[in-house]
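Bear in mind these aren't lab numbers, they're just calculated from the coordinates by the rules spelled out. As the structure is a computational prediction, the values presented were derived from the model and not from experiment. Here Cβ is always computed from backbone atoms with ideal geometry, including for glycine, and neighbour counts include all displayed protein chains.
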Amino acid sequence: MVSSDFASRPIKKLVLFDVDDTLTPARQPASPEMITLLRELREKVTIGFVGGSDLPKISGQLAVAGFNATQDFDFAFAENGLTAYRLGKELPSQSFIKFLGEDRYKTLVNFILHYLADMDVPVKRGTFVEFRNGMINVSPIGRNASIQERHDFNAYDKIHKLRAAFVSTLQDKFASYGLTYSIGGQISFDIFPAGWDKTYALRHVEAEGFEEIHFFGDKTFKGGNDHEIYEDPRTIGHTVESPLDTMRICKDLFLNA
Ligand code: M1P
């Protein structure tokens with residue numbers, strides 16, 4: 001039976017969403033129409049997001065028309081669920097640095113910084129390694145890139161596959177560290193302990209007694225950062241092409257059913 005906190009929803013299902021290119025355009029704000037849909041959905045089902053980014057970035061993208069990411073979603077999972085909220089209250093978490101230890105982290109980040117310094121990309125901006133709670137994020141162009149620079153790098157990397165080569169080098173060099181590398185966005189890749197992919201978030205919801213857990217994501221292909229949770233037997237996965245696609249499927253499945 002579903003937890004009493006969610007018993008008033010007519011449909012006893014949990015609907016989880018990836019953020020970039022599922023709820024919003026990549027690293028950009030949600031549309032007012034998406035926010036309206038999320039509010040309507042929450043009248044019927046329990047809703048949550050599972051994003052790879054950190055909470056400040058996701059909160060900023062969803063802060064449209066007074067929407068609050070941790071209050072207006074039942075479950076808010078940033079960094080794949082390493083930062084987690086249930087009904088506005090923060091849940092206990094683990095950390096990347098505790099998992100790896102300072103010495104191994106230093107060896108890893110020193111190698112990354114040397115590799116980045118030797119890497120030739122059309123432009124370089126700032127913040128090449130972002131240290132987060134549950135992961136680190138590595139960007140050859142730097143996280144301070146503008147929207148146009150992001151699009152340009154993404155197109156360049158589709159041809160030159162710099163991130164894929166970088167990841168492959170790290171996989172070989174640090175094979176004993178127990179890490180996973182995930183190219184989830186346009187300009188960077190994430191590094192986190194094996195198993196701390198988006199399925200990590202499911203441990204926070206599996207005891208809630210939902211009849212079904214749906215997951216919507218755009219990068220559900222093998223190697224994409226939605227793949228593991230999409231394939232997980234605990235979820236019913238939906239691949240979407242855009243936020244508009246997400247809205248269309250949600251209306252069909254949960255609002256107009
Ligand atoms: O879409 C999820 C990814 O979003 C950002 O990627 P990028 O800046 O490369 O577009 C990052 O926050 C990344 O950690 C995250 O997985």
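For E231 and N144, a Förster radius of 45 Å and the Cβ-Cβ distance give a FRET efficiency of 0.85, rounded to the nearest 0.05. Excluding same-chain neighbours fewer than eight residues apart, the lysines reachable from K161 by a Cα-Cα span under 25 Å are K124, K173, K198, K219, K222.
Our coupling estimate for the range 14-28, obtained by passing each phi through the Karplus curve with A = 6.51, B = -1.76, C = 1.60 and θ = phi - 60°, is 9, 10, 10, 10, 5, 9, 5, 6, 10, 9, 9, x, 3, 6, 10 Hz, Gly and Pro reported as x.
Most mobile of E208, E79, E228 per a Gaussian network model of the chain (Cα springs, under 10 Å)? Result: E208 has the largest fluctuation of those listed. Where the alpha-carbon atoms of the range 40-81 are placed on the principal axes, they occupy 27, 22, 11 Å, in descending order. The distance linking the range 107-156 with the range 202-257 is 29 Å (Cα centroid to Cα centroid, whole angstrom). Here the dipole of the range 59-172 is about 20 debye; that uses its Cα centre as origin and unit charges on the Cβ of Lys and Arg (positive) and Asp and Glu (negative). Cross-link partners of K251 among lysines, defined as those whose alpha carbon lies under 16 angstrom from its own and excluding same-chain residues fewer than eight positions apart: K13, K44. What nm value, rounded to one decimal, do you get for the distance between H114 and E212 when each label is placed 7 Å out toward the C-beta? Using points 7 Å along Cα→Cβ, the separation is 5.2 nm.
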